[in-house]
Amino acid sequence: MDASLYCWIFAAISALFLLSVIQTPKELTVSISHMTSKTLISKTDDGYTFSISPYGDGYRLSVSPENRHNGTQSFDGWFPRFFSEPQYAKSSLTKFLGESLVWEEDSSNAL
């Protein structure tokens, strides 16, 4: 057999071994699930407040105020949006706005 074939076989076996050995630490899983069970908020300089809150099996990204002073929807109906993970909501909003926001837990909405 060719030497490159041996290398590919070795790489495949090594990858399978690593996948079977690597496990998520229990402490990390607990801290992530605890952190994401609360509502996260981010306020902007132009008066909008974005929030990510648990909703069913996923998370809801919403904006406040929902309507502009003239009654039309803020951000032309882009909100609310639904995501499976909070980090997906954060990255989607960052891409949409073109800037990153600072998120904090909403202390007024304790679960």
- How far is it, in nm, from the label point at LYS95 to the one at GLN73 when both lie 7 Å from their Cα along the line to the Cβ? 1.9
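Quick check: net charge around SER42, other residues with Cβ under 12 Å of its Cβ, Lys/Arg +1 and Asp/Glu -1? Mind dumping the intermediate values first?
On the way: positive: LYS43, LYS90; negative: ASP45, GLU99, GLU104, GLU105, ASP106.
Overall, the nearby charge balance is -3.
Over all distinct Cα pairs, what is the inverse of the mean 1/r for the range 38-105, reported as the Kirkwood hydrodynamic radius in Å? Before the final figure, lay out each step's value.
Values: mean 1/r = 0.0818 Å⁻¹.
It works out to 12.2 Å.
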- When PHE75, PHE50 are arranged by how many other beta-carbons sit within 10 Å of their Cβ, fewest first, they go PHE75, PHE50
- Points 7 angstrom from Cα along the Cβ direction at THR49 and ASP106: gap in nanometres? 0.8
- Net +/- balance of residues flanking PRO54 in space, Cβ distance below 15 Å, scoring K and R +1, D and E -1: 0
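When a footprinting reagent is the concern and you count Cβ atoms within 10 Å, what order do LYS38, LYS95 take, fewest first?
Details: LYS38 17, LYS95 9.
So the ranking, lowest neighbour count to highest, is LYS95, LYS38.
No lab work stands behind these numbers, since they all come straight from the coordinates. Predicted model only: the values in this text are computed from it and were never measured. So basically every Cβ, Gly included, is an ideal-geometry build from the backbone, and we count neighbours across all protein chains shown.
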